[in-house]
Amino acid sequence: MATTIEAPRTKPQRTASRFNLEKWGWIYMRASGVILVVLIFGHLFVNLVAGEGVKQVDFAFIAGKYANPFWQVWDCLMLWLALIHGTNGMRTITNDYVESARANRLIKAALLISCVLLLLLGTLVIFTFDPCPANGLAANLPSFCAAR
Ligand code: HEM
């Protein structure tokens, strides 16, 4: 018997809502992909090629980057776009291959929970990172902190 595969943007029949997740997911993968090319290659160039190259990457280098709002926004955008892109990609793969309705729901719930948790944690780290915490033990602080 011949099997017809639906076009990727086809709205599932059972959905009552007017919002077509498959269509917007399809568009999101391409739009975020284009922006991620710039963000990821910019990130790799600045960290591993420019200046002293890979040898420069240490605690002070990261502290220096996160003292600058430009890199905070750059990294935050990269985190959100890539995590949602990767999670949505895994959702597509799950829908393609996991036929058991229960396992399908379970895997997608785990994907959603881990995505939300990582977005929250990552965003918190980017915007609250302090290399020289006021109550830190002097012995544990990096050499560039005033308290040392
Ligand atoms: C250079 C940046 C990237 C570009 C241009 C890009 C582009 C794309 C595009 C266009 C798709 C859709 C493919 C399709 O529908 O057949 C896709 C799927 C996917 N992407 Fe990315 N992506 C990038 C980075 C990433 C990153 C960083 C991750 C992981 C966090 C990721 C994980 C995935 C996954 C899991 C899929 C689903 C694959 C599938 O359906 O077989 N991608 N990507």
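Assorted remarks:
- Using alpha-carbon coordinates, inclination of helix 101-128 to the longest axis of the chain, degrees: 20
- Under Karplus coefficients 6.51, -1.76 and 1.60, residue-wise ³J(HN,Hα) of region 86-91 in Hz, glycine/proline x: x, 5, 5, x, 5, 5
- Helix 21-44 axis versus longest C-alpha principal axis of the chain: approximately 30°, rounded to the nearest ten.
- Proximal aspartates and glutamates to Lys108, defined as alpha-carbon separation beneath 14 angstrom and excluding residues fewer than eight positions away on the same chain: Asp96, Glu99
- Per the chain, cysteines lacking a partner by the 4.7 Å Cβ criterion: Cys76, Cys115
- Its relative contact order, with pairs defined as Cα atoms under 8 Å and 6+ residues apart, puts the chain at 20 percent.
- Translational D in µm²/s for the chain (Stokes-Einstein at 4 °C, 1.567 mPa s, Kirkwood Rh from C-alpha pairs): 69
- In the chain, the calculated helix contribution to ellipticity at 222 nm averages -21000 deg cm²/dmol per residue, counting -39,500 (n - 2.57) for every DSSP H run with n ≥ 4.
- Projected onto planes of every orientation and averaged, the convex hull of the alpha-carbon atoms in region 23-71 covers 4.2 nm².
- Ranked packing of 28-41, 71-84, most packed first, by mean Cβ within 10 Å: 71-84, 28-41
- Gain on full stretching of the segment that runs from Lys55 to Ile40 - 0.36 nm per residue minus C-alpha separation: 3.5 nm
Any read-out appearing in this document is the output of simple, stated calculations on the displayed coordinates, not a laboratory observation. The structure presented is a predicted model; accordingly, all values stated were derived computationally and were not measured. When we count neighbours, we look across all protein chains shown, and the Cβ atoms used for this are built from the backbone with ideal geometry, even at glycine.
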